[in-house]
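K.L.:
To start, I am sharing the structure in question, which I have written as structure tokens.
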Amino acid sequence: MATGGDAGNVDAIYRAEARRVFATLVRLLHDFDLAEEALHDAFIAAAEQWPRDGFPSNPRAWLVSAGRFKAIDRLRRKARFEAAGEDLAMLIEERAEATETGAVEDDRLRLIFTCCHPALGSDAQVAMTLREVYGLTTEEIARAFLVRPPAIAQRIVRAKAKIRDDRIPFAVPEGDDLGERLEAVLRVIYLVFNEGYAASSGASLTRPDLSAEAVRLGRMLAGLLPDPEALGLLGLMLLQESRRAARVSGDGDLVLLADQDRSLWDRAMIAEGTALVARAMATRTIGVYTLQAAIAAVHAKAPDAGATDWAGIVRLYDILARADPAPVVALNRAVAVTMRDGPAAGLALIDDLLAGGDLAGFHLAHSARAGSAALRRRAPPTGGRWRWSARNRSGASSPAASPNSARLDPRPCRAPARRGWPSGGGARRSDRRGRGRRGSATSRRYWRAQRRAPAPFRARWSP
């Protein structure tokens, strides 16, 4: 036993290990509520014993063991009133003995496959995974779904009852079942990554712990089942995560892609992500995650924003739009067309999308239109291919930081620094306050919209 430690150390271990311990307890106990109670009992015991007796060399194993014994004690106390209690206690001991000596795949991965069982609805799968695997609160999940917390709570309760009543196994499926369940698991892992990449609540713009855990599980899944889309998702997450150090300024504001210091990007992650994209593309079985990763790889290869291969990005979006004909994908493509052909071409596409009605309530569509319109008003009369240097004649930032900002850096929780867009770096003070120029109303709507965002869109609004 190690010596020393205090309540702060216990808190740190709780933040790092609680959900892993919980996942193992669910496997052993086959009961979500009992596992939650056992988890809390184990940490209460740790808070009492560790500062006094010293910290164990393997805190996670200690907590699992303590939680299991606490659960057995609970069941044996219940056995005085229910005949099945003692049988359940003995069954838990047998499960522990059967798995402690063998190789066991990660219990959090087991739990994700359980929460993503096809017997559960799509919304229930996501809510269960966010709550039970990653420990998000009901309120945080409700904000991500744009619904009231009681609705999420009921969704989770019904899903737990379904797992219990249908005796859904706590195991990673095998053979054909594994492939059939893969799509739901990939979707949930990417949703969790996006919650870490652009947090839906809290003071911080990001939650690195969630992103890191999503990457870890993505690695494990790609090793367990080297499916092209599993490789593509892992590559996509690595390419996005590689920019973390450059995404937030010292003042806590989001830094858009064109304004990021690319020397801060993690080149090892970029190399690994790009290699995974190449592996996935080589299979000729190309899915939406692989295509998004390929787009992210094009951005990662550019030494600066002005060198971005927008023609290549448009071609990739053309393929992605056929694989996933969603309005948000079409909007992303329109932004890329703006960067390749100029704001007039992109503005026409965005107007067509807004006229269709599917994106009428999506604030990023309106901000993209505002950016394209502002660029069109400032467009130099070149009469040829649209070109931009780091700064245009008005002194505004490169347009890559504006109309493309929503896609390249998903939803900021607060307004980014107003560096010249959409009102322009050389605009009068009255313009930036929403008065004066013709585009000021659009400017006001843009900055108001940047303070809120529907998180469910983020899984498709990838940088």
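The values are calculated or read from the model by the stated rules, or taken from the named source; none is laboratory data. Since this is a predicted model, take the numbers as computed values, not measurements. Cβ atoms come from the backbone with ideal geometry, glycine included; neighbour counts cover every protein chain shown. Just so you know, the surface numbers come from the protein's heavy atoms only, side chains and all, with ligands and any DNA or RNA stripped out. Shrake-Rupley method; radii C 1.70, N 1.55, O 1.52, S 1.80 Å.
K.L.:
Which one of these is touching a Cys at 6+ places or on another chain (Cβ under 8 Å) and either touching a residue at least 60 places away in the same chain (Cβ under 8 Å) or on the phi < 0 side of the Ramachandran plot (or both): A222, A230, A198? It would help to see each step written out before you state the result.
P.N.:
On the way: A222 fails: touching a Cys at 6+ places or on another chain (Cβ under 8 Å); A230 fails: touching a Cys at 6+ places or on another chain (Cβ under 8 Å).
Every option except A198 fails the conditions.
K.L.:
Further question on the same structure: Scan region 239-273 for residues that are within 19 Å of A307 (Cβ to Cβ), open to solvent by less than 20 Å² (accessible area, probe 1.4 Å) and touching a Lys or Arg at 6+ places or on another chain (Cβ under 8 Å) and jot them down.
P.N.:
Matches in region 239-273: S242, A246, L257, Q260, W265.
K.L.:
In region 212-234, which residues are of a type outside the set (V, I, T) and within 14 Å of the chain's Cα centre (by Cα)?
P.N.:
Step one: list which residues in region 212-234 are of a type outside the set (V, I, T), which gives 212-214, 216-234.
Once the filter is applied, which keeps residues that are of a type outside the set (V, I, T) and within 14 Å of the chain's Cα centre (by Cα), region 212-234 yields A212, E213, A214, R216, L217, G218, L233, L234.
K.L.:
Something else: Restricting attention to region 302-323, which residues are open to solvent by 30 Å² or more (accessible area, probe 1.4 Å) and either modelled with pLDDT of 95 or more or closer than 18 Å to E229 by Cα (or both)? Write out each step before concluding.
P.N.:
Initially, region 302-323 is screened for residues open to solvent by 30 Å² or more (accessible area, probe 1.4 Å), giving 303-304, 306-307, 309, 315, 318-319, 321-323.
The answer is D309, R315, D318, I319, A321, R322, A323.
K.L.:
Write out, first by first residue and then by second, each pair whose Cβ atoms fall under 6 Å of each other, whose residues are 6+ apart or on separate chains, and whose first residue, in region 341-356, is under 8 Å from S372 (Cβ atoms) while the second is open to solvent by less than 40 Å² (accessible area, probe 1.4 Å) and at pLDDT 90 or above.
P.N.:
Every condition considered, the pairs that remain are G346/A334; G346/V337; G346/T338; I350/A334.
K.L.:
Please enumerate the residues belonging to region 237-264 that are within 21 Å of the chain's Cα centre (by Cα), over 15 Å from P208 (Cα atoms) and not in a helix (DSSP H, G or I).
P.N.:
Residues satisfying the conditions are S249, D253, V255, L256, Q260.
K.L.:
Got at least one residue in region 279-289 being free of Cβ contacts under 8 Å to residues at least 12 places away in the same chain and of a type outside the set (A, V, I, L, M)? So that I can check it myself, show each step before the final result.
P.N.:
Kept after step one, since they are free of Cβ contacts under 8 Å to residues at least 12 places away in the same chain, are these residues of region 279-289: 282, 284.
Restricting the remaining residues to those that are of a type outside the set (A, V, I, L, M) gives 284.
For region 279-289, residues free of Cβ contacts under 8 Å to residues at least 12 places away in the same chain and of a type outside the set (A, V, I, L, M): present.
Residue by residue, here is whether (1) more than 20 Å from G218 (Cβ to Cβ); (2) surrounded by 21 or more Cβ atoms within 10 Å (Cβ to Cβ); (3) at pLDDT 85 or above; (4) in contact with a strand residue (DSSP E or B) (Cβ under 7 Å, 6 or more places away or on another chain) holds:
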{"position": "L146", "(1), (2), (3), (4)": "yes, no, no, no"}
{"position": "R167", "(1), (2), (3), (4)": "yes, no, yes, no"}
{"position": "D176", "(1), (2), (3), (4)": "yes, no, no, no"}
{"position": "G179", "(1), (2), (3), (4)": "no, no, no, no"}
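K.L.:
Please enumerate the residues belonging to region 142-196 that are under 15 Å from the mean Cα position of the chain (by Cα) and among the basic types (K, R). So that I can check it myself, show each step before the final result.
P.N.:
Here is the first cut: in region 142-196, the ones under 15 Å from the mean Cα position of the chain (by Cα) are 143-145, 184-196.
Of everything in region 142-196, those that are under 15 Å from the mean Cα position of the chain (by Cα) and among the basic types (K, R) turn out to be R143, R187.
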